[in-house]
Amino acid sequence: MERLNQYRQIVRQLLKSHATTNAQEAVECQLVFDTEHDHYQLLDIGWDGLKRVYHCFIHIDIKDDKIWIQRNMTETDLAEALIEMGAAKEDIILGLHPPYKRPYTGYGVA
């Protein structure tokens with residue numbers, strides 16, 4: 001349970017560090033933390049003129065005490081950032097890669 005709480009804190013801290021204030025008042029950067037089901041997202045949501053903006057930049061889940069990177073639309077290597085923050089390399093699953101590739105990533109395979 002201690003590791004799970006540590007991972008929750010690390011993931012929230014990582015997403016907060018990527019949240020930005022947008023110059024466009026009609027587009028809001030949102031942090032979504034579902035701590036009951038362990039889903040964490042960073043979104044831009046709003047309007048750019050007549051165009052709807054809804055974009056998920058980062059999506060991370062915690063499943064079975066493992067950190068699953070589901071989406072990363074940033075230039076940051078989120079897995080390396082998580083390791084620097086204290087997550088174990090074998091507890092990071094690159095869910096954005098197909099299962100057959102995960103054994104070759106150097107990270108967890110779940």
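General remarks:
- Taking the criterion of being part of a strand (DSSP E or B) and either in contact with a helix residue (DSSP H, G or I) (Cβ under 6 Å, 6 or more places away or on another chain) or loosely packed, with under 14 Cβ neighbours inside 10 Å (or both), the only residue of the stretch 82-106 that qualifies is I92.
- H39 being under 12 Å from the mean Cα position of the chain (by Cα) and of a type outside the set (G, A, S): yes
- Checklist (1) surrounded by 12 or more Cβ atoms within 10 Å (Cβ to Cβ); (2) modelled with pLDDT of 95 or more; (3) acidic (D, E) applied to D34, failing item: (1)
- A23 being small (G, A, S), at pLDDT below 95, more than 13 Å from the chain's Cα centre (by Cα) and outside any strand (DSSP E or B): yes
- Which listed residue is over 15 Å from L15 (Cβ atoms), β-branched (V, I, T) and at pLDDT 95 or above, from I58, I62, I69, I93: I93
The values are calculated or read from the model by the stated rules, or taken from the named source; none is laboratory data. Just so it is clear, the structure is predicted and the values come from calculations on it, not from any experiment. Counting neighbours? That spans all protein chains shown, and the Cβs are built from the backbone with ideal geometry, glycine included.
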